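Everything on this sheet refers to the single structure shown next.
The values are calculated or read from the model by the stated rules, or taken from the named source; none is laboratory data. Since we're looking at a predicted model, the values are computed, not measured. Note that we place each Cβ from the backbone using ideal geometry, even for glycine, and neighbour counts take in every protein chain shown. Areas reflect the complete protein model, heavy atoms only, side chains present, ligands, DNA and RNA absent. Shrake-Rupley method; radii C 1.70, N 1.55, O 1.52, S 1.80 Å.
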Amino acid sequence: MKRTFLMIALTALAPNVAVAAMTDAECATAFATADANKDGVLSTNEGGRYYAALRIAQKPAADGKLTQADFLAHCKADLFKTATAEAGAPLKGANSFTEAQAQDRALAAGFATISSMKKDDNGVWRGTAMDGTKSVNIAVDFKGNVIAN
């Protein structure tokens, strides 16, 4: 009971701070969901968001293959965690991301079919993407915050 109260209190005080990494079961479920052909390896088509997250972390998949064992290790290390955007995002500022890097951030955030993106006068990359079955406008700021509007 005390631990539950503490977790709730920490979450309320710092909602953008991760309390814990995904559990083994959550990681296994995420892999099983992504591995559409059930061959134990995620192709870039099956796991595009995970490959993007690895590129962002500068930990590319060995031999271009993301095996279940590698996926689980990266998942437990929180490399696949979807970040929460900062309040007020997208934030104005000098953006050094390339278009491909901005697209990777959007993919890692769970968006698909990212359009060609254009950087606006505020340094924010803007484009469109699919969020499930719906097309949305997305923005990626200089800090890597990804928002849909």
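Among the residues of the range 90-104, are any assigned to a helix (DSSP H, G or I) and open to solvent by 70 Å² or more (accessible area, probe 1.4 Å)? Among the residues of the range 90-104, at least one is assigned to a helix (DSSP H, G or I) and open to solvent by 70 Å² or more (accessible area, probe 1.4 Å), which makes the answer yes. Taken over the range 113-149, the criterion of being among the hydrophobic types (A, V, I, L, M, F, W, C), in a loop (DSSP other than H, G, I, E, B) and either within 23 Å of residue 46 (Cβ to Cβ) or under 17 Å from the mean Cα position of the chain (by Cα) (or both) is satisfied by 114, 142. If only one of 25, 21 is in a helix (DSSP H, G or I) and surrounded by fewer than 18 Cβ atoms within 10 Å (Cβ to Cβ), which one is it? Of the residues listed, the single one that is in a helix (DSSP H, G or I) and surrounded by fewer than 18 Cβ atoms within 10 Å (Cβ to Cβ) is 25.
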